[in-house]
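Undergrad: Once you've had a glance at the structure underneath, I'll fire off some questions.
The values are calculated or read from the model by the stated rules, or taken from the named source; none is laboratory data. Quick caveat, the model's predicted, so the values are computed rather than measured. Cβ: placed from backbone, ideal geometry, glycine included. Neighbour counts: every protein chain shown. Areas reflect the complete protein model, heavy atoms only, side chains present, ligands, DNA and RNA absent. Shrake-Rupley method; radii C 1.70, N 1.55, O 1.52, S 1.80 Å.
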Amino acid sequence: MNTKYNHITEDIKQKILNGTLKSGTKIPSIRYLSEQYHCSKNTVIRAYIELEKQHLIYSIPKSGFFVVDNANPSHDTSSKHSQIDFLSAGPDKEAMPYEDFQHCLNQAINLYKVELFSYSHQQGLLSLRRELIKHLQDQQVFTVPDRLFILSGAQQAINLLVPIPFPNGKSNILVEQPTYFGIIESVQLHPIKTFGIELTMQGIDLNRLEYMFRHNDIKFFYIIPRFHNPLGHSYTNEEKRKIVELANKYDVYIVEDDIFGDLEPDTKSDPMFSYDPSGRVIYLKSFSKIMLPGLRIGVAVLPELLVNTFSRHKFSNDLFSTTISQGALELYLRSGMFNGHTERIKKLYRTKMDKVKHACERYLSPQYYNFTKPDTGFYLSIYLPKRVQANRLAAALEHENVLVDDAKRMYLPEFQKNDLIRLSISQIENTQITPGIDLIAKQMDKLNNRQVNFIESTSRLL
Ligand SMILES: Cc1ncc(COP(=O)(O)O)c(C=O)c1O
């Protein structure tokens, strides 16, 4: 081993990571370094090639070597660093499996050169679909490759399902209220009548659901059964079974968005799909939360009767989803790395969620505020008293560098409320949780008290 070469590589790397060598700047010339380290120019060149491989520097012919952008993020984004981010909903950046996945990408290119860069099947690579079938079996979703579609994220599945005709010949859609913003956007972009049913941490009113199924010509009910976005709510097995039963009785389809299913700690919790695998339930899965959103890989299991129509729409939409991500994901699943990664992040998010709930219990006055208490997942929500408006609270907190999400956009227009904020726990740093919740509580109290004082003083004038 050439220790000098390692020594130079490590030295330069440290200078980049600690910000001594800033992004975009030129690094010392080969000649200068060879004099400094008393070594040959070749040794320095080897070190620079290694740093290039690690994506820390790049070369411009005849100009020299430069530090890549964002190579020293902890040092050149000080304002971002001090932000307390309960808003971003991507996976925890520290837990993303970049290196393992990079390895799978390289392997996939070697293994499947031709397939990955040619036109491909609109349902996705058959080899990945076969691998997914095995993975889905572990989640109690038993199906066959012909019913499975690889899509550009679960969002594409949602947006394709919203407008297409269904075998039941019905036209309208039913969603929980509140719900994932992506379906709200999708139904608003299409001329589709959409009904809502209120969801709280106690669930939905099943009598109301039956009424809606019976009277409202519902084509499908879009539901997020585990660790709901934005509430964090999960249905019991009994409730899921009952909803599928009602769907069968009234010939309504269920679109089960199980995006957080991989985080489920309760081994006895079943997906709704398992209560009727014949096709009443369309099962959606995504690799955006558990792995990397940039992969753009989602999965849909469809009823046989819908496969042809859906295929035509998928084909017209984008022909097929990106195959390079598919090839790498297949190897990642096949090697067992996915299972190892999932076990690690299951613990990570559960621990974070516990910490957030604990801080909420400590700082939020139960007299005024109610918050949801999911076992895990990415989201929990705080219900505000009438006097504190979600949009005002979010704006006031932003001034203090605390980011939260006003849940307004997660409601249909006729359900619109201004009393809910969503906290996403996925990208918040552990050390920021307690001070973050403390700041949120103080700001809520400030807005609440200001209103109380105002009401008290004006009532004296009456
Ligand atoms: C409930 C839910 N479904 C679907 C999506 C979209 O996922 P994808 O990135 O796979 O399109 C999201 C993204 O946040 C989500 O929260």
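Undergrad: Along the charge dipole of the chain, Cβ charges K/R +1 and D/E -1, which of Q156, I223, F142 sits furthest on the positive end?
TA: Q156
Undergrad: Just going by the charge dipole of the range 339-461, with Lys and Arg at +1 and Asp and Glu at -1 on Cβ, which of S424, A396, T342 is farthest out on the positive end?
TA: Checking the options against the dipole of the range 339-461, the answer is T342.
Undergrad: So, one more: Taking amide hydrogens as modeled 1.01 Å from N in the peptide plane, which residues meet the under 5 Å criterion relative to S381, leaving out close sequence neighbours?
TA: Sorted by chain and number, the residues that satisfy this are T372, L423.
Undergrad: Order L305, L160, L111 by their accessible area, 1.4 angstrom probe, all chains in place, largest first.
TA: Heavy-atom accessible area, descending, gives L305, L111, L160.
Undergrad: Same structure, new question: For a quick check: with amide H placed at 1.01 Å from N, whose amide H comes under 5 Å from D419's, ignoring anything fewer than 5 positions away on the same chain?
TA: HN-HN under 5 Å from D419: A390.
Undergrad: Based on the mean of other Cβ atoms within 10 Å per residue, sort peptides 264-271, 357-364, 122-129 so the most packed one is first.
TA: 122-129, 357-364, 264-271
Undergrad: Assign unit charges at the C-beta atoms only (+1 for Lys and Arg, -1 for Asp and Glu), then state the dipole size of the chain relative to its Cα centre in Debye, rounded to the nearest 20.
TA: The calculation lands at about 680 debye.
Undergrad: Please work out how much length the chain gains when fully extended from K22 to S278, using 0.36 nm per residue of separation minus the C-alpha to C-alpha distance, in nm with one decimal.
TA: Roughly 86.4 nm would be gained on extension.
Undergrad: From the helices alone, meaning DSSP H stretches of at least four residues, give me the mean residue ellipticity at 222 nm for the chain, per-run term -39500 (n - 2.57), in deg cm²/dmol to the nearest 500.
TA: -14500 deg cm²/dmol
Undergrad: Measure nothing but the geometry: give the 0 to 90° angle between the long axis through the Cα atoms of 126-138 and the longest principal axis through the Cα atoms of the chain, rounded to 10°.
TA: For 126-138 against the chain, the angle is about 60 degrees.
Undergrad: If you plug each phi of the range 324-329 into the Karplus form 6.51 cos²θ - 1.76 cosθ + 1.60 with θ = phi - 60°, what whole-Hz ³J(HN,Hα) values come out, in order, with x for Gly and Pro?
TA: Each residue of the range 324-329 in turn: 5, 5, 5, x, 5, 4 Hz.
Undergrad: Carbon-plus-sulfur fraction of the accessible area of the chain, 1.4 Å probe, in percent?
TA: Heavy-atom surface of the chain belonging to carbon and sulfur, 1.4 Å probe: 51 percent.
Undergrad: Sorted by mean Cβ packing within 10 Å, highest first, what order do the peptides 252-260, 131-139 take?
TA: The densest-packed peptide leads the list: 252-260, 131-139.
Undergrad: Additional query: I'd like to check one number: the per residue accessible area of the chain, probe 1.4 Å, reported in Å² as a whole number.
TA: Normalised by residue count, the accessible surface of the chain is 47 Å².
Undergrad: Quick one: if you stick a label point 7 Å off each Cα along the C-beta vector at F415 and F117, how many nm between them?
TA: 4.7
Undergrad: With the crude spin-label approximation of a point 7 Å out along Cα→Cβ, what separation in nm comes out for E10 versus Q432?
TA: Inter-label distance under the simple model: 3.2 nm.
Undergrad: I would also like to ask the following. Between A396 and N172, take the C-beta separation as r, use R0 = 60 Å, and let me know the FRET efficiency to the nearest 0.05.
TA: 0.95
Undergrad: When DSSP beta bridges are limited to those with both residues in the chain, what percentage is antiparallel, rounded to the nearest 5?
TA: 55
Undergrad: For the chain, with equal point scatterers placed on the C-alpha atoms only and solvent neglected, what are the log10 I(q)/I(0) values from the Debye formula at q = 0.06, 0.07, 0.09, 0.10 1/Å, to two decimals?
TA: For the chain at q = 0.06, 0.07, 0.09, 0.10 Å⁻¹, log10 I(q)/I(0) is -0.34, -0.45, -0.72, -0.85.
Undergrad: Points 7 angstrom from Cα along the Cβ direction at F142 and K386: gap in nanometres?
TA: Label at F142, label at K386, 5.4 nm between them.
Undergrad: Report the one residue of I324, V67, G169 whose Cα lies farthest in the direction of the positive end of the charge dipole of the chain (charges on C-beta: Lys and Arg +1, Asp and Glu -1; origin at the Cα centre).
TA: Selected residue: V67.
Undergrad: If you don't mind, there's one more thing I want to ask. For q = 0.22 Å⁻¹, what log10 I(q)/I(0) does the range 339-461 give under the Debye formula with an equal point scatterer on each alpha carbon and no solvent?
TA: So the normalised log intensities work out to -1.29.
Undergrad: Sticking with this one: What pairs in K373/K442; K352/K446; K285/K373; K134/K417; K93/K170 have C-alpha atoms more than 32 Å from each other?
TA: Flagged as over cut-off: K134/K417; K93/K170.
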